[in-house]
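Right, one structure below, let's go through it.
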Amino acid sequence: MSKPIVYITRCLPEDVVEPYRKHFQIDMWEYEDRPVDRNTLREKAAQADGLLTVLTEQVDDELLEQCKNLKIVANMAVGFDNIDVDAASKRNISVTNTPDVLTETTADLTFALMMATARRLVEASSYVKEGKWQNWSPLLLAGTDIHHKKIGIVGMGRIGEAVARRASGFSMDILYHNRSRKKEAEDELGATYRSLEALLEEADYVVCLTPHTPETEKMFDAEAFARMKKDAIFINASRGMTVDEDALIQALKTGEIAAAGLDVFAEEPIDADHPLLQMDNVVCLPHIGSATKETRYKMMELALENIKLVLSGSEPKTPVE
Ligand code: NAP
């Protein structure tokens, strides 16, 4: 019997893929410097029994319609806003993601981004490297404290809780907002529930960690920024689409908020001349929340394991619900 065909939309290291070659016939996008183009994706997906995707691939109704053999789309990310899950379900195609394995790594990056923004680390590093450091002076590159401040986590899920654990090590007051209250976070982390409005008004650091859904799209809009304190710092490590970027730019320009740290953008990669990249009070990262070698390997392995399970007739480890 011939092996099932699996198409991998990114060039993954051979040591991760190799153990799976005995289970499937693996075909993989070969260029490291660019994502698969839509036509190639269409053509390959149409033949495949399993698809391993990353967040830049739009797996929509139109694509799935051509996939007569497809049984699983394994996304190498915890977010799955690039996949039309309903369109997959109605064709009995499983969709899986990679939760948990990236939680602590993404929380590290979120906290690092918050610290980098508050303490102006990127500006300070450039200042030294560009030979501008001539003197010590009392307020040179003075930032804002993190310890003993109030962090407001919007989206107190796996990553949100991991950020809260870090925040408690910095003696921060922890506020959070979800659609539903989380007793464990309140009991174990001393986190306090707030309505979104109250959190925005009280927090020194507003940290977005919700998924991107129709409900969270542009939830950080002009009204949300207007509610924040003038010295508030906004951190986004979830998805760029949760933010109205024009409103954010305006809020930063007019001093409605003090600064922003962004790992994600509405359009990625962001244009080099985008206004957010021209602002000293914005730290920008290229969507590297889960980007450590250890974690990326775990994500690749989990995605491949989910494909193996589904193609052998078992339940996947981490189905999208
Ligand atoms: P999770 O455990 O599902 O947590 C998501 C949290 O958001 C839940 O507590 C949920 O609580 C809350 N939420 C959902 N909809 C909401 C709404 N409308 N208003 C307020 N809260 C809402 O997910 P996770 O593993 O922590 O990951 C969170 C997100 O981080 C992912 O979806 C992904 O987009 C992003 N992420 C980014 C990176 C990166 O590289 N920057 C890496 C990993 C993940 P309720 O259901 O009670 O509302």
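The values are calculated or read from the model by the stated rules, or taken from the named source; none is laboratory data. Just so you know, these numbers come straight off a predicted model, no measurement behind them. Glycine also receives a Cβ, built like all others from the backbone with ideal geometry; neighbour counts cover every protein chain displayed.
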*For Ile257, all conditions in the list (1) part of a loop (DSSP other than H, G, I, E, B); (2) within 11 Å of the ligand (Cβ to nearest atom); (3) touching a helix residue (DSSP H, G or I) at 6+ places or on another chain (Cβ under 6 Å); (4) not acidic (Asp, Glu) hold save one; what is the number of the exception?*
(2)
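For the structure I just gave you, tell me whether Arg91 is at pLDDT 95 or above, surrounded by fewer than 19 Cβ atoms within 10 Å (Cβ to Cβ) and in contact with a Gly (Cβ under 8 Å, 6 or more places away or on another chain). I'd like the intermediate steps shown before the answer.
Working: at pLDDT 95 or above: yes; surrounded by fewer than 19 Cβ atoms within 10 Å (Cβ to Cβ): yes; in contact with a Gly (Cβ under 8 Å, 6 or more places away or on another chain): no.
So Arg91 fails the test.
Any residue at all in the range 102-123 that's more than 24 Å from Ile151 (Cβ to Cβ) and surrounded by 14 or more Cβ atoms within 10 Å (Cβ to Cβ)?
Pass one, the range 102-123, residues more than 24 Å from Ile151 (Cβ to Cβ): none.
No, the range 102-123 contains no residue that is more than 24 Å from Ile151 (Cβ to Cβ) and surrounded by 14 or more Cβ atoms within 10 Å (Cβ to Cβ).
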*Mind checking which pairs have a first residue in the range 178-206 that is polar (S, T, N, Q) and a second that is part of a loop (DSSP other than H, G, I, E, B) and within 10 Å of the ligand (Cβ to nearest atom), Cβ under 7 Å, 6 or more apart or different chains?*
Asn178/Gly155; Asn178/Met156
*Determine the pairs where a residue that is aromatic (Phe, Trp, Tyr), located within the range 127-143, has a partner that is assigned to a loop (DSSP other than H, G, I, E, B) with Cβ atoms under 8 Å apart, the partner being 6 or more residues away or on another chain.*
Tyr127/Trp133; Tyr127/Leu141
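What is the residue count in the range 149-163 for residues that are out of contact with any Gly (no Cβ under 9 Å at 6 or more places or on another chain) and either more than 7 Å from the ligand (Cβ to nearest atom) or not in a helix (DSSP H, G or I) (or both)? So that I can check it myself, show each step before the final result.
Initially, the range 149-163 is screened for residues out of contact with any Gly (no Cβ under 9 Å at 6 or more places or on another chain), giving 149-152, 155-158, 160-163.
After this cut, where a residue has to be either more than 7 Å from the ligand (Cβ to nearest atom) or not in a helix (DSSP H, G or I) (or both) as well, the list is 149-152, 155-157, 161-163.
Adding up the residues that qualify gives 10.
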_Can you pull out every residue in the range 166-182 that is surrounded by fewer than 16 Cβ atoms within 10 Å (Cβ to Cβ) and within 16 Å of the ligand (Cβ to nearest atom)?_
Arg179, Ser180, Arg181
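Let me confirm something: among Ala45, Ala77, which residue is buried (at least 18 other Cβ atoms within 10 Å of the Cβ) and either of a type in the set (Val, Ile, Thr) or in a loop (DSSP other than H, G, I, E, B) (or both)?
Details: Ala45 fails: either of a type in the set (Val, Ile, Thr) or in a loop (DSSP other than H, G, I, E, B) (or both).
Exactly one of Ala45, Ala77 is buried (at least 18 other Cβ atoms within 10 Å of the Cβ) and either of a type in the set (Val, Ile, Thr) or in a loop (DSSP other than H, G, I, E, B) (or both), namely Ala77.
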*asked:* It is to be established whether one or more residues within the range 229-244 are surrounded by fewer than 16 Cβ atoms within 10 Å (Cβ to Cβ), in contact (Cβ under 8 Å) with a residue 40 or more places away in the chain and farther than 17 Å from Gly152 by Cα.
replied: no
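Based on what the data block shows, is Val264 part of a strand (DSSP E or B) and at pLDDT 95 or above? Break it down into steps so the answer makes sense when it comes.
Working: part of a strand (DSSP E or B): no; at pLDDT 95 or above: yes.
The answer is no for Val264.
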*Taking into account only those residues within the range 92-119 that are touching a helix residue (DSSP H, G or I) at 6+ places or on another chain (Cβ under 9 Å) and charged (D, E, K, R), which is farthest from Ala167 (Cα to Cα)?*
Asp100
*For residues that are over 13 Å from the mean Cα position of the chain (by Cα), closer than 16 Å to Ser168 by Cβ and not aromatic (Phe, Trp, Tyr), scanning just the range 105-118, find the one that is farthest from the ligand (Cβ to nearest atom).*
Met115
*Please find, among Asp61, Asp49, Asp33, Asp37, the residue that is in contact (Cβ under 8 Å) with a residue 60 or more places away in the chain and of a type in the set (Asp, Glu).*
Asp49
_Matching residues in the range 80-104 - criterion: being touching a residue at least 60 places away in the same chain (Cβ under 8 Å) and either within 8 Å of the ligand (Cβ to nearest atom) or assigned to a loop (DSSP other than H, G, I, E, B) (or both)_ = Phe80, Asp81, Asn97, Thr98, Pro99, Asp100, Val101, Leu102
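Could you pull out the residue among Lys3, Lys68, Lys22 that is among the basic types (Lys, Arg), touching a strand residue (DSSP E or B) at 6+ places or on another chain (Cβ under 6 Å) and loosely packed, with under 15 Cβ neighbours inside 10 Å? Before you say what the answer is, go through the steps one by one.
On the way: Lys68 fails: touching a strand residue (DSSP E or B) at 6+ places or on another chain (Cβ under 6 Å); Lys22 fails: touching a strand residue (DSSP E or B) at 6+ places or on another chain (Cβ under 6 Å).
Exactly one of Lys3, Lys68, Lys22 is among the basic types (Lys, Arg), touching a strand residue (DSSP E or B) at 6+ places or on another chain (Cβ under 6 Å) and loosely packed, with under 15 Cβ neighbours inside 10 Å, namely Lys3.
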_Filter result (away from the ligand (no atom under 11 Å from the Cβ), in a loop (DSSP other than H, G, I, E, B) and surrounded by 15 or more Cβ atoms within 10 Å (Cβ to Cβ)) within the range 280-291_ = Asn281
